[in-house]
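Below is one structure, written out as structure tokens; the observations come after it.
The values are calculated or read from the model by the stated rules, or taken from the named source; none is laboratory data. It should be emphasised that the depicted structure is a prediction, and the values quoted were computed from it without experimental measurement. Here the Cβ positions follow ideal geometry from the backbone for every residue, glycine too, while neighbour counts run over all protein chains shown.
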Amino acid sequence: MDVKPRERVPANTITRLHRHSPHGWLLVGLIVLVSAVILALAGITFFLTQHLTVTSLRQNQTRAIYLAQAGVMKAFYDFRTGAGVTLREYQVDDPASLLPPGPNQNAFILSSGEARDFFLANMKPAFFPASATLCGVPRDRLTSWRLRNVLASTSPGVAIDKVAVNWEPAPAGETVIRLDLGGTKRWPRGAAACSLPGVGPEPPPDPPLTNAMDLVPDVPLGPRATLSGNVVWFSTTSFGAGGGLTTKRFIELKFQMSDGTIRVARFVNAIGGRDANFTIKSRGEPRQGQFPFLARRRLQAEYRICAAVAAPGDCNAELEERNRPGSLLSYQELKQQAP
Amino acid sequence: MRRGLTLVELIITISLAAILGVPVGILLSEHLTGAIRARDAAVAMNLARYEMERLDSLNDFCHPDLALTPPGGILLSAAPFSIYPSYAVRRVVTCQAQVSATACTSPCVASPGATDNAIKRIEVVARKSGSSDLLASLVSYRTKYVSFGP
């Protein structure tokens, strides 16, 4: 076979020499391919990790809400047994739930920065007895409502700073002329038996209270303390008779605590509609799990004592307040985590 | 004349493929495991939530479904749990605290003024059937003589 000789290129000719070499292309190609696969897998890994993270976080959030609910139930149980509500952390995985706080237990925390939460104004047994004379004139009185501090501890302190009263309808001239708490005249101050013309109704919004009776000094309620013998004296006899309201749709007592928070308690003729509530705030924190991402959820629950009371005068003693079945009026999730 | 691949090239290429292929294979395997685990966790939590919400809605401390269970709990087998036989969901109800020795088990008294207060601990646990790995767990409390609603 003849081999064609290579042509000689003249020295003064500019040409491009194209050299084709197959050496190493397989290796290069493989490296490029593997790099691309690794990049793709890295992206998938990241996505999968995020998916697992989100799944785990959602799990912990679900667990947190049920732990918060457990805290609410624990508070109600402590109230009903007479122990009072204790604001602290409770661990759920320990059967006694009374171990000192630890970092690894699932827990719920009862906490609140508002004194109104633990102030119970029980309007269930309230009624209007026959009018009585005060400052020379027959007056209506709302009596037999009870006040209570459901806390077992001294913090936050529960003390009444001001009291305002609202009612509807409120024609001009009707006022509150005296307030007794715990069987003692608290307003007006001094020796006067009543204050004339008195203070008018305090319609919403609250705060601030503009027609309030300022109690000097504040009236404190110690842990688990109860105040009975409470009376609101009105200027006229147009409010109630025979036990209930006659010309009014409702009467509201508004209690401003020393910390500025306000508890409103409503009295109406229907016993089932009368307020007798306190509030519990509970935060659930799951701390155990394969992915211990911290999740917290906080519930606010409103509890009404003596939920099924129908007979007038019932729920007028401490044992009745605790032992009669109560009801959970509402659950509300709070966005604020603490206090 | 076209040159072919050298033996050295081929050996190096195959070796590199083998070295890089092992971790890539492991990564793929872990991906699959992780995806399956995430699915299992999500399904297990949904099943546990279903049961917990159902118990919440009972509104009755003395309901038979809230009775105290044996230590290992009760395996839930009715729908929808029967649709997911690969998951074992158990309900565990224990007495958390009681004012008397029988308050947790005594019937709810219809008359007012009942003093047999008690609190139960309700736990719903989901595992893979035949496995002891915990996939989901929910815990809450229920106290006696507190109902939902005004």
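Points to keep in mind about this one:
- All of (1) touching a helix residue (DSSP H, G or I) at 6+ places or on another chain (Cβ under 8 Å); (2) away from every other protein chain (no Cβ under 11 Å); (3) assigned to a helix (DSSP H, G or I) hold for residue B:89 with one exception: (3).
- Criterion (modelled with pLDDT under 95, under 18 Å from residue A:71 (Cα atoms) and among the aromatic types (Phe, Trp, Tyr)) met by exactly one of A:127, A:108: A:108
- So residue A:299, is it of a type in the set (A, V, I, L, M, F, W, C), in a strand (DSSP E or B) and closer than 26 Å to residue B:141 by Cα: yes
- Near pairs, Cβ below 6 angstrom, 6+ apart or cross-chain, from segment B:10-31 (facing chain A (nearest Cβ under 7 Å)) to any residue that is of a type in the set (Asp, Glu): none
- Unmet criterion (only one of (1) in contact with a Ser or Thr (Cβ under 9 Å, 6 or more places away or on another chain); (2) surrounded by fewer than 17 Cβ atoms within 10 Å (Cβ to Cβ)) for residue A:161: (2)
- Residues satisfying the stated conditions in segment B:106-145, i.e. without any contact (Cβ under 8 Å) to a residue 40 or more places away in the chain and among the aliphatic types (A, V, I, L, M): B:109, B:110, B:114, B:119, B:134, B:139
- Qualifying residue in segment B:125-139 (condition: touching an Asp or Glu at 6+ places or on another chain (Cβ under 8 Å), β-branched (Val, Ile, Thr), part of a strand (DSSP E or B) and at the interface with another protein chain (Cβ under 9 Å from one of its Cβ atoms)): yes
- Of the residues contained in segment A:280-287, none is found to be within 30 Å of residue A:190 (Cα to Cα) and at pLDDT 95 or above.
- Residue within segment B:75-85 that is more than 30 Å from residue A:44 (Cα to Cα) and either within 11 Å of another protein chain (Cβ to nearest Cβ) or surrounded by 15 or more Cβ atoms within 10 Å (Cβ to Cβ) (or both) present: yes
- Any hit, segment B:52-60, residues being touching a His at 6+ places or on another chain (Cβ under 9 Å) and in contact (Cβ under 8 Å) with a residue 40 or more places away in the chain: yes
- Filtered residue count, segment A:167-193, keeping only those that are more than 13 Å from residue A:236 (Cβ to Cβ) and touching a residue at least 60 places away in the same chain (Cβ under 8 Å): 1
- Some residue of segment B:45-56 being more than 7 Å from every other protein chain (Cβ to nearest Cβ) and loosely packed, with under 14 Cβ neighbours inside 10 Å: yes
- A count restricted to segment A:57-85 and to residues that are more than 7 Å from chain B (Cβ to nearest Cβ) and more than 15 Å from the chain's Cα centre (by Cα) stands at 10.
- In this structure, residue A:232 qualifies as within 22 Å of residue A:207 (Cα to Cα), over 20 Å from the mean Cα position of the chain (by Cα) and assigned to a strand (DSSP E or B).
- Residue that is polar (S, T, N, Q), surrounded by 13 or more Cβ atoms within 10 Å (Cβ to Cβ), at pLDDT 75 or above and touching a Lys or Arg at 6+ places or on another chain (Cβ under 9 Å), where the choices are A:53, A:45, A:62: A:62
- Of everything in segment B:94-108 that is out of contact with any Asp or Glu (no Cβ under 7 Å at 6 or more places or on another chain) and β-branched (Val, Ile, Thr), the residue that is surrounded by the fewest Cβ atoms within 10 Å (Cβ to Cβ) is B:102.
- Annotation: of all residues in segment A:168-186 being of a type in the set (A, V, I, L, M, F, W, C) and at pLDDT below 95, the one that is nearest to residue A:252 (Cα to Cα) is A:170.
- The condition of being modelled with pLDDT under 95, within 21 Å of residue A:327 (Cα to Cα) and in a loop (DSSP other than H, G, I, E, B) holds for only one of B:60, B:56, that being B:60.
- Candidate set: segment B:32-44, residues that are among the charged types (D, E, K, R) and surrounded by 15 or more Cβ atoms within 10 Å (Cβ to Cβ); chosen: the one nearest to the other protein chains (Cβ to nearest Cβ): B:37
- Odd one out for residue B:115 among (1) more than 9 Å from chain A (Cβ to nearest Cβ); (2) over 12 Å from the mean Cα position of the chain (by Cα): (1)
- Check on residue B:72, farther than 27 Å from residue A:93 by Cβ, surrounded by fewer than 17 Cβ atoms within 10 Å (Cβ to Cβ) and not aromatic (Phe, Trp, Tyr): no
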